[in-house]
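Have a look at the structure below, then the notes.
Values quoted throughout were computed directly from the atomic coordinates according to the rules given, and no laboratory measurement underlies them. The shown structure was predicted, so the numbers you read here are calculated from the model rather than taken from an experiment. With ideal geometry, Cβ positions are generated from the backbone for all residues, glycine too; neighbour counts draw on all protein chains shown.
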Amino acid sequence: MASRALIDYMIGILGPEGVISEREELRAYECDGLMNYRVIPELVVLPETAEQVQQIVRYCHDEGIPFVARGSGTGLSGGALPVEAGVLIVMSRMCKILEVDIPNQRVVVEPGVINLWVTREVGPEGYYYAPDPASQTVSSIGGNLAENSGGVHCLKYGFTTNHVMGAEVVLPDGTMVNIGGGKAPDPLGYELLGAFVGSEGTLGIATKITLRIMRVPEKVRTLLAAFKDTEEAGGAVSGIIGNGILPAAIEMMDALAIEAVETAVHPGYPEAGAVLIVELDGPAAEVDHQFEQVKQICEENNSSEIRIAEDDEERALFWKGRKAAFAAMGRISNDYIVQDGVVPRTELGKVLRRISELSQEYGLRVANVFHAGDGNLHPLVLFDNDKEGEAEKAEDLAGDIVLTCLEHGGSLTGEHGVGRDKMKYMPKMFTTDDLNTMQLLRCAFDPHQVSNPGKIFPTPRLCGERPGRYKMHPVQKAGLAENF
Amino acid sequence: MGTTRTRVPLEDLRGIVGEGHVREVAGEDAVEGVAPQYVVEPGTIEEIGEVMKLADREGLKVAPRGGGTKTFLGNPPTGLDLVLSVARLNEIIEHVPGDQVIRVQAGARLDDVQERLAGSNQMLALDPSEEGATIGGVVATNSYGPRRLRYATVRDLIIGITVVLPDGTVARAGSKVVKNVAGYDLSKLLTGSLGTLGIIADANFRLHPIPETSGTVVVELDGPEAAGEAVQNILHSQILASALELRWEGGSGTLALLIENVEPAVEAQVEAAASLLRPHKEPEVLGAAEGSELIGSIRHLLDGDDVKLKIGFMPAGIAEVIGAVTGAAERRGVAARMTGHAGNGLTFVGLSGADEEAHAGVVEELRAALVPRGGNVVVQRAPATLKRRVDAWGPVGDKLFLTRRIKEKFDPRGVLNPGRFVGGI
C-alpha cells in the first residue's frame, strides 16, 4: 500500500482522476504483453503534461522510489513490468499530435500517441510513418521508442531508431533535456538519441518525440509463394538478396504456422511446407522490374505456387494471415510462448533444423513465423499449461532456441527487447566488461537507478554517487550489487 | 594557449608495441597546430589496451588517429602527448556476402573495403570525400557524403562496435546481425564522438547492393527562392534520389540530382525529375560518368577556401540559409560560396578574403540567426587561430551537462582528445 504522503503528493499534482491507488484497479497494470511476470505496482499515475512527468519523477528520485514508464503495455519482454514498491507512470493520456511539418517531413507527437495515428494523420498528404510493429494499432510511439520497435518493413526502412529524430526527455532526476535534433540534421555533441532509443525505459522518459515521415511509395507489389519446406523457401530468400534486391518485406511461415492462421483467419494460403510473402515498394519502374526477378527466383527455387496480389484487398489478405499469426496459435494450442531471436541470414537453414530437433527432443510443437530477410525468428513454442511440467519444458525449449541463435552468431532479441525476460541471457551474448561499459551510460543518465530498475542488466552496478537525501539502493542493501 | 607536457615513459611504450612502432613526430602529426611527443602504432586490440592503461596511469593525453584525413575537426587540443594510430589494425575480419554485413578493423581504409565488397556487388553506403579515410575515423567523425540522402549516415549503418576505454577495458556492443535490440547501442554513442570516449578498434556495418546504373539531372537556379522551391519539389515527389547537391556562387546556383537504380527505373526517374525541374530552367541530363564528375567537383569546390563551415538547418529553410550567409559575408567584405546536401538541410560554406575578425563575425552572426531556430553552425576547417577566437561547435543546448557526464564516466581522467569536442570536452 502506497504511503499517504506519496498518494497525497501525486493527487496534488494530477488530481484524483490521475492517480490509481486501489489494489483492485492496480491489478490491471500488473503486467505488460508478457503475462508470465506480474507485479502489482504501489501506485499508478497518469500525467497529462511533461511538467507533471517532471514533478512525478523528481519526487520519486528524491524519495528513492523506483518508477517505470508504460505506454500501451503491449511489450513482449516485460519491459513495462512494474517494480515492487514503485510507481508506474502511464503515458497514455499524453496522446496529442503536436505538429505536422510536411515541408520538413517531420511530425512531433506526445509519447502516448498510437503508432498508426501518425500514418492516419499524414496519409492524406501522401506520407506515412514507416516502423510498423504488429502491435501498431495499439502500441504507443513512446513505447516503440523505448523498445526500438521493428516491424515487417524494417528490412528496407530500418527500425524506430532510424525514424526518431529528436526527443524531449525527463531524466531520472527530473531534469528535462532535449536530445537529438528535430528538423535540422547532425545535432552537436554525442549521439545521445541513438543511445536513448531502445534503452527500455532505463534512461528516462520521453515526453515529446520528433518523427521522420516518408513519402508513400509510388508502387507496391506483393506476392505469396508456396514451397515444399522452409529450406527451399530459404533458398529463394538468399536468391532475392543475392540479386541485389532489397524488398520492403520478406516474411516466412512454416506448415504449422500456416495451419494455425488458416484455422483462425482463413487467408486462403496454399497448402505447403512453407510460404513466403515478398513485398516490393518504391518507384514504379524499379518495382515492376524487380518483381519479375523475384517471381523467377521463386520459380527457380521450386515454388509450387505463386500468387500475386492484384489489388490492395488481396494484399491485405496475404498480410492478414501473417499479422494474425501469433494470436492464431490459440486455435491450435492452449498456450504458447513467442520467442524472438536473430541469426545471420546464411545460418537460417541450420538454425531451423536445430529448432526442429529441439522440438522433437522436448516433445513440444514449434511453429515458425519470421522476418526472413533479416534473420529475425519468431518461433512459437506450443504447450498446455494444464499438463504438469509442460510450461517449464516450454520455457526451457524457448531458452534453448535463444542459445542456438547466439551459437550461430546472432542476437537474443531482434525487436522485443531484453526487459525482465531475457536478462539472464545477456551474459551469454556479452562479457562482463561489455555489460559494465553499457552501464557507464546508465550511470551518466540515472546514477541512482530509479528508472525501470531490474531490467536489461542481470547484475546491476551502482554508480558511486551519494547525494544528501538519497537512501541506499535496495539492490545494494540486499548485497546484490557492488559499487561501480 | 598552453598545453600540458608530461614525461612519456618511452621504454614502457616500446615494450608494449615494439621498438619500431613508436616513432618521433613529423610535421603532419600535429593536431590543429599542437604537436604530440610520439606517434604510437599498436598492432592489436590488446596493445591498444596496454597503451591506454599506461596513458591513463601516467596522465598522458592521447589523440586517436585513423587515416588522419579529418584531424582538422573540432577545437585545438588542450593537451597532447601521444597520437595513437590504428593504421596497423587494417583487416577485414569477416564478410559473408549472403548476410550483407561486414566486420572490419578500425585502421582499414574505406577505399580498400569498398574494393573488396565490389567483388560481391555490395558496398558500405558511406561516401566521404577524403581519400584515405579509415573505418575508425569515418565512425569517430561521423563522415558522410552526398549519398546520405538515400542511405543515411554511420549511425544508421553501424550495427556493432569494439571499443577500448581509457582504462584499457575492451568492450563490444551490438552484434553482426542487422536486427538486434540487446543492450545499449554503444555503436551509435561512439559515432561522431571524435575519439573522446574510447578508441574504436573495429566496427560492423550493414551493406547495400551496388546500384546497377545512374543518371544525373542538373538545373541552374537564379535565386535562393528558386533553390528552395526546386528542392521541395523533389523531396515531395516520387523521385528516389540518392543525392541532391547544391552549388551556390555569386547569387545563383546549380542543383544536381543523382538517381541510382536499375536501368528502366533510372530512365523513368530521370525523365520525371527533369519535368519537375523544367519550370526553373531547361535541365540537363548527364550519364553516370559525367554525373559523378560534376558531383565530385561540387564536393571539392570549397577545398581551397580559407575557412569551411557546416550549417545544419531544416531542409525547407535553404533559401533562408543562403540569404543569411550571403548577408553576413557581404556586410564584412568576405567572399562566400556554398555547396550542400540540399535534401538533408546541410550547407557547407567556404569563406575567403578579408581577415580573421571578419570570418569570426560571419560565424557569430550565423549562429545568432540560425541556432535559436534549431540549426547549428560548425567551423570545420579553419586556421587554429580562428578556432581559438570562436568555438568550433557553438552552443549545444540543454544537454551539455549530460554530454559532460558521459565523458566523465567513460574517460574520468580526460585522457582522450581533451578540449576538442563540444563544450570544451
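For this structure, a couple of remarks:
- In terms of other Cβ atoms within 10 Å, A:K228, B:K70 run from fewest to most in the order A:K228, B:K70.
- Residue-averaged beta-carbon neighbours from other chains (10 angstrom radius) around A:37-48: 0
- For the range B:130-174, a Kirkwood hydrodynamic radius built from all Cα pairs, placed in the Stokes-Einstein relation at 25 °C and 0.890 mPa s, yields a translational diffusion coefficient of 203 µm²/s.
- Model label points for A:D386 and B:S252, set 7 angstrom from Cα along the Cα-to-Cβ axis, are 8.3 nm apart.
- Neighbourhood charge, 13 Å Cβ-Cβ cut-off, centred on B:G132 and excluding it, Lys, Arg +1 and Asp, Glu -1: -2
- Entries in A:K323/A:K422; A:K208/B:K61; A:K228/A:K323; A:K323/B:K179 that, when Cα-Cα distance is taken, lie over 31 Å: A:K208/B:K61
- For chain B, the relative contact order is 16 percent, taking Cα pairs closer than 8 Å that sit 6 or more residues apart in sequence and dividing their mean separation by the residue count.
- Shape of the range A:1-89, Cα gyration tensor, a/c cut at 1.5: prolate
- Computed log10 I(q)/I(0) for the range B:377-425 at 0.15, 0.30 Å⁻¹: -0.44, -1.12, from the Debye equation with unit scatterers placed on every C-alpha and solvent omitted.
- Rounded to the nearest 20 debye, dipole of chain A from Cβ charges on Lys, Arg, Asp, Glu: 1160 debye
- Chain A, relative contact order in percent, only Cα pairs under 8 angstrom and at least six apart counted: 14 percent
- Within the range A:343-384, backbone nitrogen closer than 18 Å to the virtual label 7 Å beyond the Cα of A:K228 toward Cβ: A:349-350, A:353
- Rg over Rh for the range A:97-215 works out to 0.94, using Cα positions for both radii and the Kirkwood form for Rh.
- At 0.890 mPa s and 25 °C, Stokes D of the range B:99-145 from Kirkwood alpha-carbon radius, µm² per second: 227 µm²/s
- Positive-pole candidate from A:T160, A:Q293, A:P283, dipole of chain A, charges at beta carbon: A:T160
- For the protein assembly as shown, cysteines whose Cβ has no other cysteine Cβ within reach (under 4.7 Å): A:C31, A:C60, A:C95, A:C154, A:C298, A:C405
- A:I308-B:E293 FRET efficiency (beta carbon distance; Förster radius 56 Å; 0.05 resolution): 0.85
- Each Cα pair under 8 Å and six or more residues apart adds its sequence gap; the mean of these over the residue count of the range B:47-172 is a relative contact order of 27 percent.
- For the range B:307-389: rounded, prolate or oblate by the Cα gyration tensor [a/c cutoff 1.5]: prolate
- Expressed as a whole percent, the proportion of Cα-Cα pairs in the range A:240-373 lying more than 26 Å apart is 26%.
- Here the peptides A:135-147, B:408-420 are ranked by packing, the mean other Cβ count within 10 Å, and the order with the highest first is A:135-147, B:408-420.
- FRET efficiency for A:I11 and A:K393, using Cβ-Cβ distance with R0 set to 41 Å, rounded to 0.05: 0.30
- The range A:63-113: GluC sites (Glu not before Pro) falling in loop per DSSP and having at most 16 other Cβ within 10 Å: A:E84
- For peptide A:156-162, the mean count of partner chain Cβ atoms within 10 Å of a residue's Cβ comes to 3.
- Other residues with beta-carbon under 14 Å from the beta-carbon of B:V34 carry, at +1 per Lys or Arg and -1 per Asp or Glu, a net charge of +2.
- Reducing the range B:192-245 and the range A:366-425 to their Cα centroids gives an inter-centroid distance of 39 Å.
- Kirkwood hydrodynamic radius of the range B:247-309, from inverse mean 1/r over distinct Cα pairs, in Å: 13.5 Å
- Take each residue in B:228-234, count the other chain C-beta atoms within 10 Å of its C-beta, and the mean is 1.
- The residues packed around B:R57, meaning those with a beta-carbon under 11 Å from its beta-carbon, carry a net charge of -3 if Lys and Arg are +1 and Asp and Glu are -1.
- With N counted as the residues of chain B, its alpha-carbon radius of gyration over 2.2 N^0.38 Å works out to 1.01.
- Positive-pole candidate from B:I259, B:L294, B:H236, dipole of the range B:213-299, charges at beta carbon: B:H236
- Spin-label pair A:E271/B:R88, simplified geometry with 7 Å Cα→Cβ offset, distance in nm: 6.7 nm
- Burial ordering of A:T263, B:T162, fewest other beta-carbon atoms within 10 Å first: A:T263, B:T162
- Relative to the globular-protein estimate of 2.2 N^0.38 Å, the Cα radius of gyration of chain A stands at 1.00.
- The charge dipole of the protein assembly as shown, taken about its Cα centre with unit charges on the Cβ atoms of Lys, Arg (+1), Asp and Glu (-1) only, comes to about 2480 debye.
- In chain A, the DSSP beta bridges split such that about 85 percent are antiparallel, to the nearest 5.
- Charge dipole of the range B:1-143 about the Cα centre (unit charges at C-beta), most positive-ward option of B:L84, B:Q100, B:I45: B:L84
- Spin-label proximity, B:R14 to the range B:34-78 - amide N less than 15 Å from point 7 Å beyond Cα toward beta carbon: B:38-41
- The mean of 1/r over all distinct Cα pairs in the protein assembly as shown, once inverted, gives the Kirkwood hydrodynamic radius of 28.6 Å.
- Evaluated with a Cβ-only charge set (Lys, Arg +1; Asp, Glu -1), chain B carries a dipole of roughly 1540 debye about its Cα centre, given to the nearest 20.
- Crossing angle, helix A:284-300 versus chain A [Cα axis fit, 0-90 degrees, rounded to tens]: 70 degrees
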